[in-house]
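So the structure is just underneath, and the comments pick up after that.
The values are calculated or read from the model by the stated rules, or taken from the named source; none is laboratory data. In this text the structure is predicted, and so the values were computed from the model without any measurement. FYI the Cβ positions are ideal-geometry reconstructions off the backbone, even for glycines, and counts take in every protein chain you see. Heavy atoms of the whole protein, side chains included, go into the accessibility calculation; ligands, DNA and RNA do not. Shrake-Rupley method; radii C 1.70, N 1.55, O 1.52, S 1.80 Å.
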Amino acid sequence: MRVTGSSRLEPGTRAELGLPIWAFVRLAGRVTRGEPPRLFLILGKNRRLFRSWLRFAARLMPRGKLPRRETELVILRVAGLCGCDYEYEHHVRMARRAGVSRAEIDGIADRAEREWSPRESAILLAVEQLHTDRTVDDKTWETLRPHLSDPEIVELFMLVGHYEMLALVIGGLRIRPDGHLAA
């Protein structure tokens, strides 16, 4: 799902977003050393839903139970499987800060086999199966189970579902990658 065509919604204005969301989105742009994230400017048009979504999303990343490196590997794999350039490009820099090498990032993008730890391999296998089958088979479950606690497994599955949902929203609304990230 590569975004083609013009965006279906324009980024919200200060009046549409309200001052608190407008200020937050502007700050987010400064943190990423660029423009305010287009995704936030569009989702912020539904103020109540945006605030609730942001709290939920923050519980998965960056304040989740999974190590940040693994979280970024999951997000990049989901973005690659969904063909979501916005998610992928937004998280490349974040993955680098979390200790993911350029070669590992490239491996996620082209789905190449890399030398992942047994835990990372199990996580990435689960991501692939959740994407393609909407479940994991017993063999994958048995591979994954020794590596993750119950709360980590719940978080992993919700993280995959969350970024799949975002890819759907981004594609449906035709939200293009932010200019400073796509350059």
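What are the pairs with Cβ atoms under 9 angstrom where one residue, in segment 70-82, is within 17 Å of residue 152 (Cβ to Cβ) and the other, located anywhere, is among the basic types (Lys, Arg) and open to solvent by 10 Å² or more (accessible area, probe 1.4 Å)? Sequence gap at least six, or different chains.
Close Cβ pairs (under 9 Å, with a partner that is among the basic types (Lys, Arg) and open to solvent by 10 Å² or more (accessible area, probe 1.4 Å)) amount to 70/119; 72/96; 72/97; 77/111.
Condition test on residue 44, is it modelled with pLDDT under 95 and in contact with a helix residue (DSSP H, G or I) (Cβ under 8 Å, 6 or more places away or on another chain)?
Taking the combined requirement at face value, the residue does not satisfy it.
Could you count how many residues in segment 76-120 are open to solvent by less than 10 Å² (accessible area, probe 1.4 Å) and modelled with pLDDT under 90?
2
Given segment 7-124, what helices (runs of 4 or more DSSP H) lie entirely inside it while holding 2 or more residues that are over 19 Å from the mean Cα position of the chain (by Cα)? Even if it seems obvious, please write down each step before you answer.
Details: elements: 14-17, 19-31, 38-43, 47-60, 68-82, 85-97, 102-110.
Where helices (runs of 4 or more DSSP H) fall fully within segment 7-124 and carry at least 2 residues being over 19 Å from the mean Cα position of the chain (by Cα), they are 14-17, 19-31, 47-60.
Of all residues in segment 14-37, count the ones that are open to solvent by 40 Å² or more (accessible area, probe 1.4 Å) and touching a Phe, Trp or Tyr at 6+ places or on another chain (Cβ under 8 Å).
To start, the set of residues in segment 14-37 that are open to solvent by 40 Å² or more (accessible area, probe 1.4 Å) comprises 14-16, 19-20, 22-24, 26-27, 30-31, 33, 35.
So of that shortlist, the ones also touching a Phe, Trp or Tyr at 6+ places or on another chain (Cβ under 8 Å) come out as 14, 24.
The qualifying residues number 2.
Being charged (D, E, K, R) and under 17 Å from residue 161 (Cβ atoms) is the requirement here; does residue 70 meet it?
Details: charged (D, E, K, R): yes; under 17 Å from residue 161 (Cβ atoms): yes.
Yes; evaluated as a whole, the condition is true for this residue.
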